[in-house]
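First comes the structure, then the notes that go with it.
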Amino acid sequence: QVQLVESGGGLVQAGGSLRLSCAASGSTFRIHAMGWYRQAPGKQRELVAVIGNGHNTNYADSVKGRFTIVRDNAKNTVYLQMNSLKPEDTGVYYCNAEEVSRVRYWGQGTQVTVSS
C-alpha cells in the first residue's frame with residue numbers, strides 16, 4: 001500500500017503562483033510514476049502532469065509552459081510548481097501514484113482557487 005499526503009493549495013489571484021507537494025509513504029518502491037490530476041466543479045477529473053521514474057514528464061496542453069512537475073525520489077515527494085495561474089485552473093488537485101502493475105493510489109485532494 002502507498003499513502004499520499006498533499007499540501008500547498010490555497011487562494012491566489014490570477015497571474016500568481018502556487019506550489020503543491022505530495023509526499024508518498026508505505027510501499028514506495030512499487031511506484032513507477034507520480035502525477036497530478038484536477039477536478040473542477042461539474043467536470044471530470046483530468047490529467048495535469050505526470051512524471052516517471054526516469055523523470056520523463058507529460059503535461060496537459062492547457063498547462064504547458066506554466067506548470068512544472070518535479071520528483072525527489074530520495075524524499076518520495078513530487079511537486080507541482082504552478083505559475084501564471086488562471087481562473088480556469090481552479091479545482092481540487094489530486095496527487096496520484098501508479099505501480100508497474102497499474103494499481104493506482106490517490107491523495108485526499110487539495111483545493112486551488114484562482115480569482116480573477
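The values are calculated or read from the model by the stated rules, or taken from the named source; none is laboratory data. Quantities reported herein were computed from a predicted structural model and do not represent experimental measurements. Ideal geometry is used to build each Cβ from the backbone, glycine not excepted, and the neighbour counts take in all protein chains shown. What goes into the accessible areas is simple: the full protein's heavy atoms, side chains included, and nothing from ligands, DNA or RNA. Shrake-Rupley method; radii C 1.70, N 1.55, O 1.52, S 1.80 Å.
Within a straight-line Cα-Cα reach of under 16 Å, LYS43 can be paired with the following aspartates and glutamates, leaving aside sequence neighbours fewer than 8 residues apart in one chain: GLU88, ASP89.
Here the extension length gained between THR113 and GLN39 equals 25.5 nm, from 0.36 nm per residue of separation less the Cα-Cα distance.
Each Cα pair under 8 Å and six or more residues apart adds its sequence gap; the mean of these over the residue count of the chain is a relative contact order of 37 percent. Shown is the FRET efficiency for HIS55 and GLN1, computed with R0 = 25 Å from the Cβ-Cβ distance and rounded to the nearest 0.05: 0.50.
Per residue, the chain exposes 52 Å² of solvent-accessible protein surface, assessed with a 1.4 angstrom probe and all protein chains in place. Surface composition of the chain: carbon and sulfur make up 48 percent of the accessible area, probe 1.4 Å. For a paramagnetic label modelled on SER101 (point 7 Å from Cα along Cα→Cβ), amide N atoms under 20 Å away belong, within segment 17-60, to 24-35, 53. Averaging 1/r over every pair of different alpha carbons in the chain and inverting the result gives a Kirkwood radius of 14.0 Å.
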